[in-house]
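Heads up, the thing below is written out as structure tokens.
The values are calculated or read from the model by the stated rules, or taken from the named source; none is laboratory data. None of these values were measured; they are calculated from a predicted model. Every residue, glycine among them, receives a Cβ derived from its backbone with ideal geometry; neighbour counts consider all protein chains shown. The protein model used for the area step is the full one, side chains on, heavy atoms only, and it has no ligands, DNA or RNA in it. Shrake-Rupley method; radii C 1.70, N 1.55, O 1.52, S 1.80 Å.
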Amino acid sequence: MAISEVKICNLALRKLGARLIESLSDSSQEAVTCNLFYDQVRDAVLRDHPWNFAASRCRLAKLAQAPAFGFSFQYQLPVDCIHLRQLNHPEDEFVVESDKILTNLDTASAIYTGKVTNPVLFDSSFVMAFAARLAAEIADDITGSSTKAREMWTLYLNAMQSARLADSAEGREDEILNDPWLEARGISGIDSPVWRG
């Protein structure tokens, strides 16, 4: 069965021991709550990691007006950009302000995480992390249990660790092994059994 918005919501609800839904337009508390959180949680999980399935590249459109100070040029942020990863080279300096990219580069291309909304395109690791984060966000409303919410946050962190390590096998091992997101949570990719042997 192909992945869908309803299936992701039901994965989250199952983790909470709640009733499953037939549609996000249902009038049940479960459907209403999932519908309220779904888009925001999806975008938050997309921002939390440079997912390979959501990677996009483009040449940027330079704007005629220069920034007031601090940088020489500004470019239009791609409309589907969830998180700007880098410009021409990893060391290129830039800042995102509103829907603009400020930099000293006279010409610029971008690598970024795009806003992927079609669940069929989601990586399976992303689906599991997304479902766990959704469960964490809706746990209080659905179960009334802050303990359950904390359990789901732990599940989300574990799912993200697994997803990051799996994603690194597709071209970014060095970046994942030294990932500040993992280090801030006391997780070292190089210490994982995945990297042994």
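Below, the figures for the structure above:
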item: Lone cysteines, the chain (no partner Cβ under 4.7 Å); result: Cys58, Cys81
item: 14 Å beta-carbon shell around Ser23, net charge (K/R +1, D/E -1); result: -2
item: Extended-chain gain in nm, criterion 0.36 nm per residue less alpha-carbon gap, Ser56 and Val95; result: 12.2 nm
item: Share of carbon and sulfur in the accessible heavy-atom surface of the chain [1.4 Å probe, %]; result: 50
item: Accessible area (Å², 1.4 Å probe, nearest 10) - Thr147; result: 70
item: Cα-centre dipole for the chain with unit charges at Cβ (Lys and Arg positive, Asp and Glu negative), debye to 20; result: 300
item: FRET E, pair Thr154, Ile111, Förster distance 25 Å, beta-carbon r, rounded to 0.05; result: 0.20
item: For the stretch 34-182: relative contact order, % (alpha-carbon pairs under 8 angstrom, 6 or more apart); result: 24
item: Surface per residue (accessible, 1.4 Å probe) for the stretch 74-167, Å²; result: 46
item: Highest average packing first - 128-134, 108-114, 84-90, Cβ atoms within 10 Å; result: 128-134, 108-114, 84-90
item: Degrees separating the helix 124-143 axis from the principal Cα axis of the chain, which is the longest one; result: 60
item: Degrees between helix 146-168 axis and first principal axis of the chain (Cα, 0 to 90, nearest 10); result: 50
item: Loop chymotrypsin sites (Phe, Trp or Tyr not before Pro), the stretch 1-105 (other Cβ atoms within 10 Å of the site Cβ: 12 or fewer; DSSP); result: Phe69
item: Calculated FRET efficiency for the pair Gln76/Asn35, C-beta based, R₀ 25 Å, to 0.05; result: 0.20
item: Computed E for Glu170/Arg47 - FRET, C-beta separation, R0 22 angstrom, nearest 0.05; result: 0.70
item: Most mobile listed residue (Ala55, Ala64, Ala136) in the chain, GNM with C-alpha springs under 10 Å; result: Ala64
